[in-house]
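Read the figures in this text as sums done on the coordinates, not as results from a lab. Bear in mind that the values here come from a model prediction, so they are computed numbers and not experimental data. A quick note on method: Cβ atoms are made from the backbone with ideal geometry, for glycine too, and the neighbour counts reach across all protein chains shown.
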Amino acid sequence: MQFRDLKAQYSALKGEMDKAILDVVASSAFVMGPKIKEMETAFADYVGVKHCVACNSGTDALLLALKVWNVKAGDAVFVPSFTFFASAEVVAMQGATPVFVDVDKDTFNINVNDLEDKIRQTLKAGKLTPRVVIAVDLFGLPADFEAIRQVAGKYGLYVLEDGAQGFGGRIGNRKACSFGDISTTSFFPAKPVGCYGDGGAVFTDNDEWAALVDSYHIHGKGSDRYDNVRIGMNSRLDSIQAAILLVKLKAFADHELTDINKVAARYTEKLEEVAKTPVVPEGFCSSWAQYTLQVENKTVRAGLQAALKDLDIPTAIYYPIPMHRQTAFNYLDINSNHCPVSDQLADTVISLPVHPYLSESDQDRICDAVSAFLKR
Ligand SMILES: *Cc1c(COP(=O)(O)O)cnc(C)c1O
């Protein structure tokens, strides 16, 4: 059994996919070209924002947003401690200081009360200027952007939505990747919409910021191709990946998002009595980048993981080490960055196989195995 079955997806899409890839090969337009514009328009339309700029990864997308806002040494950027490393790494890459915020134990997303506490503590210490909050849509569930906006507005912070796992999620009728002043996503193969390699995108309604991202992602280009007006990066999406993503987006919107939600609903129905199942608040919709249970403690989790492995059921631990305990961030003062819920989650979470092509018999086999172990 696969954790996320990309081969099953390819089998389902093969005819269309092979043609899309070979068309780009035949055109020889490998870098930029018409496929990129077509893909950017399709993704901006799907999300419901004015601009999408495709780039080389979700990490670069975050970095490009921070460059647009000139985030630099002396700035504080608030980041949830329970996330993938890249959400915080980009802050340090810009020379700014990540300030870690705890998360909510039900949604895994940033805890807005702790966000305000950490902003106040930062202001009181008087060493850093609060600039940005990076809110992550963890495991596919949008963060609570209404509450985040209120706090951000009060302290004059930009909101950067890290939608690397959130693409396809919703709050009411609004889609993920439209909630930030700038929002980003990742097209890493295992994300809700993945390409066949690395890829990412930046989304915004702001014309000026979109133009800056466009410049930064191609060596700080100006209007004249060889007059570069700022120091940028080489972070283009390959045209082949754009063609792949157009096929993937269609399948995602047609049925994959619905199908994965069916899998998640069935899991919750069968497992809510034996483990803490993921909470999706009223009015929110997840795209299920992960389906993550919480069990009693680390020992139970290790036992469950081993028992499932014996039955050829793969699982994963996202994430075993919160940001405030990462070796790379040892240089920060972790005492003032205390995040107890993130610490607890790191010991108790376990993610089950979840994807739109998971058969009902496999779903049942997984649920039966989890229940049998946890009921013991
Ligand atoms: C995957 C991921 C990223 C980075 O995306 P890449 O495309 O791998 O660079 C950033 N943030 C979160 C929350 C992610 O899950």
Residues of type lysines that Lys72 reaches as a straight line, Cα spacing below 18 Å, ignoring anything fewer than 8 places off in the same chain: Lys127
Sequence-separation-based contact order of the range 139-216, relative, with Cα cut under 8 Å and 6+ spacing, percent: 23 percent
Nearest-0.05 FRET efficiency for Leu6 and Thr299, computed from C-beta distance (R0 41 Å): 0.80
Distance cut-off 13 Å, percentage of C-alpha pairs in the range 200-253 lying past it: 66 percent
Size of charge dipole - the chain - debye, nearest 20, with Cβ of Lys, Arg +1 and Asp, Glu -1, no other charges: 480 debye
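Taking N as the number of residues in the chain, what value does Rg over Cα atoms divided by 2.2 N^0.38 Å take? Provide the component values of the computation, followed by the final result.
Numbers: Rg = 20.7 Å, N = 376, 2.2 N^0.38 = 20.9 Å.
Cα Rg divided by the expected 2.2 N^0.38 Å: 0.99.
Neighbour counts of other C-beta atoms within 10 Å: give me Phe373, Phe43, Phe203, Phe3 arranged from fewest to most. Numbers along the way, then the final one.
Details: Phe373 19, Phe43 24, Phe203 31, Phe3 16.
By the 10 Å Cβ count, ascending: Phe3, Phe373, Phe43, Phe203.
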Rel. contact order, % - alpha carbon contacts under 8 angstrom, at least six apart, the chain: 22 percent
Semi-axis lengths (Å, descending) of the ellipsoid that matches the C-alpha gyration tensor of the range 41-125: 25, 18, 12
Among Ile182, Ile334, Ile134: highest mean-square fluctuation, GNM of the chain, C-alpha pairs under 10 Å: Ile334
Hydrodynamic radius (Kirkwood) for the range 83-214, which is based on Cα pairs only, to one decimal in Å: 15.3 Å
Length-normalised contact order for the range 226-376 - Cα pairs under 8 Å, 6+ apart - percent: 32 percent
Two-site FRET efficiency, Asp45 against Ala73, from Cβ-Cβ distance with R₀ of 51 Å, rounded to 0.05: 0.85
Residue order, fewest to most beta carbons within 10 Å, for Lys127, Lys250: Lys127, Lys250
Span-like helix ranges in the chain, DSSP H, alpha carbon extent 27 angstrom or more, Kyte mean at least 0.0: 6-27
Spin-label model distance (nm) - His255 vs Lys14, 7 Å beyond Cα toward Cβ: 1.6 nm
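Compute the Cα gyration tensor for the range 1-83, then decide on rounded, prolate or oblate, letting a ≥ b ≥ c be the square roots of its eigenvalues: rounded whenever a/c is under 1.5, prolate when a/b is larger than b/c in the other cases, and oblate in all that remain. Intermediate values should be presented prior to the final figure.
Details: a/c = 2.56, a/b = 1.55, b/c = 1.65.
Since a/c reaches 1.5 but b/c is at least a/b, the shape of the range 1-83 is classed as oblate.
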Centroid-to-centroid separation of the range 215-273 and the range 150-210 [C-alpha atoms, Å]: 10 Å
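Go ahead and run the numbers for FRET between Asn330 and Asn113, Cβ-Cβ distance against an R0 of 30 Å, rounding to 0.05. Could you put the intermediate results ahead of the total?
Numbers: r = 27 Å, r/R0 = 0.90.
Given R0 = 30 Å and the Cβ-Cβ separation, E is 0.65.
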Overall form of the range 264-329 per C-alpha gyration tensor (a/c, 1.5; a/b vs b/c): oblate
Phi-based couplings in Hz for the range 181-194 (Karplus 6.51, -1.76, 1.60; Gly and Pro marked x): 4, 10, 10, 9, 9, 10, 10, 3, x, 8, 6, x, 10, x
Contour excess over end-to-end distance, with Cα ends at Tyr155 and Lys37 and 0.36 nm allotted per residue: 38.8 nm
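As a quick test, which of the pairs Lys105/Lys248; Lys191/Lys262; Lys248/Lys276; Lys14/Lys175 have an alpha carbon distance above 24 angstrom in this structure? Please list the in-between numbers first.
On the way: Lys105/Lys248 32 Å; Lys191/Lys262 18 Å; Lys248/Lys276 32 Å; Lys14/Lys175 28 Å.
Those over the limit are Lys105/Lys248; Lys248/Lys276; Lys14/Lys175.
Between rounded, prolate and oblate, where does the range 150-235 land on the alpha carbon gyration tensor, with a ≥ b ≥ c its root eigenvalues, rounded for a/c under 1.5, else prolate if a/b exceeds b/c?
Working: a/c = 2.65, a/b = 1.29, b/c = 2.05.
In terms of gyration-tensor shape, oblate.
What is the extension gain from Leu22 to Arg230, computed as 0.36 nm multiplied by their sequence separation minus the C-alpha to C-alpha distance, in nm to one decimal? Provide the component values of the computation, followed by the final result.
On the way: separation 208, 0.36 × 208 = 74.88 nm, distance 3.56 nm.
Extra length from Leu22 to Arg230 when fully extended: 71.3 nm.
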Beta bridges per DSSP with both ends in the chain, % antiparallel, nearest 5: 60 percent
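Evaluate the Kirkwood expression for the hydrodynamic radius of the range 207-357, namely the inverse of the mean inverse distance over all pairs of different C-alpha atoms, and round to one decimal in Å. Let's see the in-between values first.
Numbers: mean 1/r = 0.0510 Å⁻¹.
Result for the range 207-357, one decimal place: 19.6 Å.
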3J(HN,Hα) from dihedral phi, the range 276-289, Karplus parametrisation 6.51/-1.76/1.60, rounded to Hz, x for glycine, proline: 7, 8, x, 9, 10, x, 3, x, 9, 9, 9, 9, 6, 4
Positive-end extreme of charge dipole, the range 304-376 - chosen from Leu308, Leu374, Thr327 (charges on Cβ): Thr327
Burial order of peptide ranges 78-91, 26-39, 139-152 (average beta-carbon count within 10 Å, highest first): 78-91, 139-152, 26-39
Helix-only CD estimate at 222 nm, as mean residue ellipticity for the chain, using -39500 (n - 2.57) per DSSP H run (n ≥ 4): -13000 deg cm²/dmol
Length released on extending from Asp312 to Phe85, taking residue separation times 0.36 nm less the Cα-Cα span: 78.9 nm
